[in-house]
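The values are calculated or read from the model by the stated rules, or taken from the named source; none is laboratory data. Keep in mind the model is a prediction, meaning the values are calculated, not measured. Using ideal geometry, Cβ is built from the backbone for each residue, glycine included, and neighbour counts are taken over all protein chains shown.
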């Protein structure tokens, strides 16, 4: 697996505030924004220093150009970003573009494109773009959820342009992949599947609900699948939903390439999630995904870094994902996660989801 990363992504600096929102006059001490550099520093550190270090190679991404951005985003939105870039500006309550930050966002999107090109060029089967800021909330005409440029969208469209007929995007970030959904909602050649906490819409910057009835429109009907999961779903629910819902839909779609929006914020210690997934859960899902990509698309997988905001535990979950994808033993013991397994509740959660879903 080759990883594309550039330390310049650490320069993206977001003002302290009321958790992840604008500063509050009620607080004497504002809080550091969760989408900070430390989570990426530690992810890189664990991957380099850990047991997988000798199985990973590293490359430097090339920044995305205006032309590439305009494959997914609108001209009006690009101009909006350029204006905000001159002084720094909140583009949504939780999404701040610092002065000069657009170049870092281009670099993050370029990490996704560089990862794609590594696979398209036949240099290897698996790649990982460590993207900061992340991707999956950026809509064609709107910034949202810490995201400015949707590198996942850029990568999927470039793969189609290079002759791939069908792309499947799997998103297991704890939040709904609304930006990717918005970009491909009417397409039948790009399947989008989002597993996420059942949080609903969070305002004008995230008008999509992430509910089961958002299944696409026109030719895209049936090719957008939302899998909203109850709070505290845990390992068994997540791995069961992946096995029973994600795998068969991807098998039926039979894509040429799978792109994974790899957020670790469903972990049980994340400040932005409530899903109780452990290293073991991520390892199991990644192992399931490894079998799936080998079956349907010859092992071709492009992965992008999305959420994951506990700066010590999320990086360990990123390691668990990489280990599962590579078929390696998970040699790092989980230092803190434990809760009793509740298979009966998990089975009920999966059954209830499938019963109310129009595509199952």
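A few notes on this one:
- Scanning region 40-49 for any residue that is part of a loop (DSSP other than H, G, I, E, B), in contact (Cβ under 8 Å) with a residue 60 or more places away in the chain and touching a strand residue (DSSP E or B) at 6+ places or on another chain (Cβ under 8 Å) turns up nothing.
- Selected residue [part of a helix (DSSP H, G or I), in contact with a helix residue (DSSP H, G or I) (Cβ under 7 Å, 6 or more places away or on another chain) and modelled with pLDDT of 95 or more] from 84, 112, 64, 105: 112
- None of 23, 34 is touching a strand residue (DSSP E or B) at 6+ places or on another chain (Cβ under 7 Å) and part of a loop (DSSP other than H, G, I, E, B) except 23.
- Within region 270-305, the residues that satisfy the criterion of being part of a loop (DSSP other than H, G, I, E, B) and either modelled with pLDDT of 95 or more or at negative phi (or both) are 270, 271, 272, 273, 274, 275, 278, 298, 299, 300.
- Candidates are the residues of region 329-360 that are surrounded by 14 or more Cβ atoms within 10 Å (Cβ to Cβ) and in a loop (DSSP other than H, G, I, E, B); the one that is modelled with the lowest pLDDT is 342.
- Qualifying residue in region 259-269 (condition: at pLDDT 95 or above, in a helix (DSSP H, G or I) and buried (at least 24 other Cβ atoms within 10 Å of the Cβ)): no
- From the list 198, 189, 171, the lone residue that is surrounded by 24 or more Cβ atoms within 10 Å (Cβ to Cβ) and either out of contact with any helix residue (DSSP H, G or I) (no Cβ under 6 Å at 6 or more places or on another chain) or modelled with pLDDT under 95 (or both) is 171.
- Meets criteria (at pLDDT 95 or above, part of a loop (DSSP other than H, G, I, E, B) and surrounded by 15 or more Cβ atoms within 10 Å (Cβ to Cβ)) for residue 319: no
- Complete set of residues in region 253-281 that are more than 30 Å from residue 119 (Cα to Cα) and touching a helix residue (DSSP H, G or I) at 6+ places or on another chain (Cβ under 6 Å): 269, 276
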